[in-house]
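Have a look at the structure below, then the notes.
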Amino acid sequence: MTFRPRPKQEEVLAYRGGKMGIAAVPGSGKTVTLSCLAAKLVAEGGLEDDQEVLIVTLVNSAVDHFARQVAGFVRAGGLLPNLGYRVCTLHSLAHDIVRERPGLVGLAEDFAIVDEPEAERLIRDVVASWLRTHPFLADDYLAPDLTEPQRKAIQREHWPRLMEEVAGATIRRAKDLQLGPEQLRDLIEAYGQPLPLLQAASDIYSDYQRSLAYRGAVDFDDLVRLALDALQLDADLLARLRHRWPYVLEDEAQDSTRLQEVLLRLLVGPVGNWVRVGDPNQAIYDTFTTADPRYLREFLQEPGVQRRELPNSGRSTPSIIRLANYLMDWCRHQHPVQELRAALAPPHIEPTPPGDSQPNPPDAPERIFLSTQLRTPREERQMVARNLARFLAEEPNATVAALVCTNEYGARLVAELRRLQVPCVELLTSTTATRDAARLLAAAVAHLADPLSPPKLAGLYRAWHERIHADDDGDADRPARMIGRCPRPEDFLHGRPGTDWLDQALLGLEGAVRERLEEFRAMVASWQEAVVLPPDQLILTLAQDLFHDPADLAMAHKLAVHLRRMDQATPGRHLPDLCRELSAIAANQRKLLGLSEDDTGFDPERHRGKVVVTTVHKAKGLEWDRVYLLSVNNYDFPSAQVHDSYKSERQFVRHHLNLQAEAEAQLEQVTGYRGQVTGCEAQGVKVGEQWSPGEGDPSVTNNLSPVTCNLSPVTCNLSPATYVEGEASRAARIRYCAERLRLLYVGITRARKELVVTCNSGRNGNMRPAAPLVALHTWWEENGRGPTA
């Protein structure tokens, strides 16, 4: 494998041992550098036959990419590939550790693992059950000016979803702090003051863990927590693994969680070899996971850590690099909110040096378009779609992406592109084909779940007509309205001479309408006996009647497999549950594992001449010749300004409280956790426990408040802070705005040659251009770098 390292990459490859932290800018070649370093350690690191270089990365697709890169370097060095190194995700590493001794952490030998979608379904079921017995919690948090009908509608439609988010986040945080349900309950009781949100989340946590135990299963967060428990309980196991993996290389370290930090510190040991590479400026997951970029930042500042930088990037034109660097400088020195000035930090991106094997594309400042003109969301999508059509007509072999903030907005853009017959690829939660199939099947199941409802039968007809007879000239609305007014659906579906509603309803209508309605009722009437089938068989039965295209039938089969797995994990589900799951898939709220290319690694080069529509989050790690960044307004990219709005603050909650942030603050209140990882934790001490220096550790001083641990110079204050309602919500705004600044930075740095940034006025027409977009637009115009709109 040919690789000509740059001077800064050579500095990384000169590593021979100890702890090293690498700050890598977008497009700096960190993957190939880390892969080359792993191969060098395999060849020159003095490994014994039973030792390996351990490479830990974030997602499965990165595992495949790393494995291929390392294998290429190893093979080029004359060694056998797949020997002397191991590439894995943190969760697969934790799984292997737990598998060593499952009984040690209370698991059976055949324990199962539930994936994220199934864990979300379990929480949804537990929350629904809990709310049925605790209907009055909402009264404490709903806005006082709501009318009674509004309150009832919110408690029925929106409050359950909000409680799922609150409970899910609190459970993840509790597990990150190594707190089981019983420990959390004891802490709440010892605290002695009412914390209703945390109490609710604690109850749901207990029920959720019981659901997992009933299935003999653990979730991903449990895996890491239990792996750490196993290492802390079994000194021999820890010693064996330290010997097996004398070098630990960690990729995407800006997305480390507390548990990951403590687990890897323990695995490496006080004098082990640990290389961490990442970019805190690309930390874009911390507001909806337990990841926190400060773990990498603080590691880079620790005494004894070798600090390296990979500042050179050959990905983008010099103008795009200047734009990204100006966003960092504006944020650091001119952002109107002082707390957000640390959201982005050096190093700046530098172009590649002369003679580099991956030079920057030729500069084209005229190919950067920044628009602060407000359009409605629909106008923005139409404008971008037309522009994309023209661009691909001129550049049919280019790679191009449209980056959005939500899957729902991406789905609407895809519909507009398809209307203009612009070829596109969806890298969203689900594809249009999946959503359309799920939508029609959901309508069919909704009717079967409530066969006496005329509106649901009418909804099924409309969905069926739009899917099956979309090319006909006939109108679906009039027959659907007629069905909706049918007083007894059985008189339509099973009418007999003299009582056949269809005979009376269609007097005077054209024969084509009657033919479609007769076709429809014959099909639906045949389904009545199928309702007793298991979910997957029911779906396949419906699909045989609803679909004829092989691609649709294949999609229905995948949906059936998904529902069978769901039913096996949670037996006893009824038709309304099945309908809700299909509706969630149709609404782009569920990801079906195995149905999207990003599960195994997305390659933009395979989609030249097509528009890749994806979220900015999913675009991380990818690049395209031309990038469109949409909806850069003060809702999707707020900056803590007076007119900004926040997704996490529901309008129906009093005082704009962020209930997820408030619940987590209550959790930190009862634990006394102040948010730091220390060397004492890496020695096995859990949050909330006192720790006295052990024999042979004279460097550690225990002052209780704060506790200072010289094994790692990061400070952990275990003294509790006072919980004041609302403070956590305000702090969450700052964290969210900081993440959004980094998300904008990520979006800009996906572009290689051309960049288009637009904004819209939002759903209600009251949004403004995001503050950083206004700053970029002004700077770009004043510096005369290129045209603006």
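The values are calculated or read from the model by the stated rules, or taken from the named source; none is laboratory data. The model shown is predicted, which means the values in this text are computed figures rather than measured ones. Neighbour counts run over all protein chains shown; Cβ positions are idealised from the backbone, glycine included. Side chains are part of the model used for accessible areas, which takes the heavy atoms of the whole protein and leaves out ligands, DNA and RNA. Shrake-Rupley method; radii C 1.70, N 1.55, O 1.52, S 1.80 Å.
Here each label is just a point 7 Å from Cα along the line to Cβ, and for Gln528 and Arg606 those points are 4.8 nm apart. Projecting the Cα atoms of Leu238, Leu249, Asn273 onto the dipole axis of region 232-280, where Lys and Arg carry +1 and Asp and Glu carry -1 at the beta carbon, places Leu238 farthest toward the positive end. Per residue, the solvent-accessible area of the chain (1.4 Å probe, heavy atoms of protein chains only, all protein chains present) comes to 42 Å².
For region 137-224, what Kirkwood radius comes out of the mean inverse Cα-Cα distance, in Å? Provide the component values of the computation, followed by the final result.
On the way: mean 1/r = 0.0688 Å⁻¹.
Taking every pair of different Cα atoms in region 137-224, averaging 1/r and inverting gives 14.5 Å.
Inverting the mean 1/r over all pairs of different Cα atoms, compute the Kirkwood radius of region 299-443 and quote it in Å. Before the final figure, lay out the partial values.
On the way: mean 1/r = 0.0519 Å⁻¹.
Evaluated over region 299-443, this radius sits at 19.3 Å.
If the segment from Thr778 to Arg386 were pulled out straight at 0.36 nm per residue, it would be longer than the present Cα-Cα gap by 138.5 nm. Ranked from largest, the principal axis spans of the Cα set of region 47-206 equal 75, 33, 27 Å.
Each Lys and Arg adds +1 at its Cβ and each Asp and Glu adds -1 at its Cβ; summed about the Cα centre, the chain shows a dipole of about 1560 debye. Relative to a virtual label point 7 Å from the Cα of Asn60 in the Cα→beta-carbon direction, which members of region 220-261 show backbone nitrogen distances below 18 Å? What the label zone holds, given the 18 Å backbone N cut-off, is 220-224. Ranking of Arg740, Arg763, Arg462 by solvent-accessible surface, largest first: Arg763, Arg462, Arg740 (1.4 Å probe, protein heavy atoms only, all chains present).
Here region 39-128 is treated as a sphere whose radius is the Kirkwood value from Cα pairs; by Stokes-Einstein at 20 °C and 1.002 mPa s it diffuses with a coefficient of 137 µm²/s.
In terms of the mean number of neighbouring beta-carbon atoms within 10 Å, the peptides 640-647, 241-248, 25-32 order highest first as 25-32, 241-248, 640-647. Semi-axes of the equivalent ellipsoid for region 390-464, computed as √(5λ) from the eigenvalues of its C-alpha gyration tensor and ordered from largest down, come to 35, 12, 9 Å. Checked against a 31 Å cut-off, the cross-linked pairs Lys19/Lys175; Lys19/Lys647; Lys456/Lys620 give Cα-Cα distances beyond that limit for Lys19/Lys647; Lys456/Lys620.
Could you work out the per residue convex hull volume over the alpha carbons of region 78-146, in cubic angstrom? It would help to have the intermediate numbers written out before the result.
Numbers: hull volume 13.7 nm³, N = 69.
Hull volume over Cα atoms, normalised by residue count, gives 199 Å³.
Work out the FRET efficiency for Leu104 and Ala415 from their Cβ-Cβ distance, taking R0 = 56 Å, and round it to the nearest 0.05. If you can, show how the numbers build up before the last one.
Working: r = 53 Å, r/R0 = 0.94.
About 0.60, to the nearest 0.05.
How big is the Cα convex hull of region 190-291 in projection, averaged over all directions, in nm²?
9.4
In region 139-186, the inverse of the mean reciprocal separation of distinct Cα atoms equals 12.7 Å; this is its Kirkwood hydrodynamic radius.
For region 263-349, the convex hull drawn through the C-alpha positions has a volume of 133 cubic angstrom per residue.
Rounded to the nearest 10 square angstrom, His91 shows an accessible area of 60 square angstrom against a 1.4 Å probe. Once both labels are positioned 7 Å from their Cα atoms along Cα-to-Cβ, the gap between Thr722 and Arg185 label points is 3.1 nm. Sorted largest first by accessible area at a 1.4 angstrom probe radius, with every protein chain in place, the residues Val305, Val774 fall in the order Val774, Val305. Label-to-label distance for Arg378 and Glu519 is 3.0 nm, based on points extended 7 Å past Cα in the beta-carbon direction.
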